[in-house]
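A short worksheet on the structure shown next.
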Amino acid sequence: MSEAAGAPLVRLESVGKRFDNGTVALAGLELLLRRGEFVSILGPSGCGKTTALRLIAGLAEPTLGRVVWEGEAGAGETGRDGAPAVPLGFVFQEPTLLPWRTALGNAALPLVLAGMARPEARAQAAAALAAVGLAGAGGLYPRQLSGGMRMRVSIARALVTRPSLLLMDEPFAALDEITRERLNADLLRLWRERELTVGFVTHSVYESVFLSMRVLVMARHPGRIVEEVKVEAPYPRDESFRTSSVYAEACRQVSAALRRAMEEER
């Protein structure tokens, strides 16, 4: 896939979100995802990162502003009933696997719920598990899987519907560093192979720089994007990138932007 940003896919325009308890999670949020991009959203807890993803996914509605899709439904349109205008997958912070279903059964679940015949759904789920490095593990139950393996099943479940947009809400936060780095590398491979657009929420400066073309830094009270840092490094990125001067400088820039964002809250 090309490393250049494609055409706009979805944008949040002057978006605000107030919850029923009166909490203002977002105000004046401007966010753009372009086709084929890998974009990370970074910020302190409570800044509205997850809320922004949920708005894009159609799991919540903005109180102010609008979510504009430039996708398959046509420029400026949303999907039917306000749904996203492109196929979308969502990976949550926790794997949220059904304990009574095998890895294969969990990965196939979106297809089964959509009415696909079980043999075809299982075949596609097996292919998705193989794509995330779990070929041969389809018969295992969640209790038999490590934390990293459970997250891989969750990613396979998101990919089984063949989305063009993948939203990920801190999927690797609870994993050890070695497992996290392996999953980072696997995620970049999947992004490139499947020509995905990825919106990735994280607390980690180092993870955001390794993965992303752009890092969007948020501040809170209320939640908003205050800085953008472009990571000027080519793909594919491997472990050697983590020890490069380009990586170190990008981490410095993102860390400084995060510090400034947190100072704005005071």
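Where residues in segment 118-140 are within 14 Å of L98 (Cα to Cα) and not hydrophobic (A, V, I, L, M, F, W, C), which of them is surrounded by the most Cβ atoms within 10 Å (Cβ to Cβ)? Explain how you work it out, then say what you get.
The first filter runs over segment 118-140 and keeps only residues within 14 Å of L98 (Cα to Cα), leaving 138-140.
Then drop every residue that is not not hydrophobic (A, V, I, L, M, F, W, C), which leaves 138-139.
Numbers: G138: 21, G139: 10.
Going through the qualifying residues, I end up with G138.
Only residues in segment 152-169 that are touching a residue at least 40 places away in the same chain (Cβ under 8 Å) count as the first member; pair them with residues that are of a type in the set (F, W, Y), Cβ under 7 angstrom, at least 6 apart or cross-chain, and list the lot.
A158/F90; L167/F90; M168/F200; D169/F92
Residues L64, L59, L31: which one is buried (at least 21 other Cβ atoms within 10 Å of the Cβ) and in the same structural domain as F200 (by TED's automatic domain parsing)? Outline the logic, then answer.
Numbers: L64 fails: buried (at least 21 other Cβ atoms within 10 Å of the Cβ); L59 fails: buried (at least 21 other Cβ atoms within 10 Å of the Cβ).
Exactly one of L64, L59, L31 is buried (at least 21 other Cβ atoms within 10 Å of the Cβ) and in the same structural domain as F200 (by TED's automatic domain parsing), namely L31.
On the given criteria, is E37 at pLDDT 95 or above, closer than 13 Å to L167 by Cβ and of a type in the set (D, E, K, R)?
Judged against the criteria, E37 is a match.
So G22 passes all but one of these: (1) under 30 Å from P236 (Cα atoms); (2) surrounded by fewer than 16 Cβ atoms within 10 Å (Cβ to Cβ). Which condition number does it fail?
(1)
Restricting the search to segment 1-55, which residues are free of Cβ contacts under 8 Å to residues at least 60 places away in the same chain and among the β-branched types (V, I, T)?
Passing the criteria: V15, T23.
With respect to the numbered conditions (1) touching an Asp or Glu at 6+ places or on another chain (Cβ under 7 Å); (2) under 24 Å from F90 (Cβ atoms), which one is the sole condition not fulfilled by P234?
It is condition (2) that P234 fails.
Checking R118 against (1) at pLDDT below 95; (2) in the same structural domain as V24 (by TED's automatic domain parsing), which test does it fail?
(2)
Mind listing whichever residues of segment 196-220 are more than 17 Å from P236 (Cα to Cα), in contact with a helix residue (DSSP H, G or I) (Cβ under 8 Å, 6 or more places away or on another chain) and among the hydrophobic types (A, V, I, L, M, F, W, C)?
F200, V201, V205, V215, V217, M218, A219
Check L97 against each of (1) part of a helix (DSSP H, G or I); (2) modelled with pLDDT of 95 or more and name the one condition it does not meet.
Exception for L97: condition (1).
Tell me whether segment 237-253 contains one or more residues that are closer than 18 Å to G46 by Cβ and among the hydroxyl-bearing types (S, T, Y).
Within segment 237-253, not a single residue is closer than 18 Å to G46 by Cβ and among the hydroxyl-bearing types (S, T, Y).
The values are calculated or read from the model by the stated rules, or taken from the named source; none is laboratory data. Not measured: the values here are computed from a predicted model. All Cβ positions, even for glycine, are placed from backbone atoms using ideal geometry, and neighbour counts span all protein chains on display.
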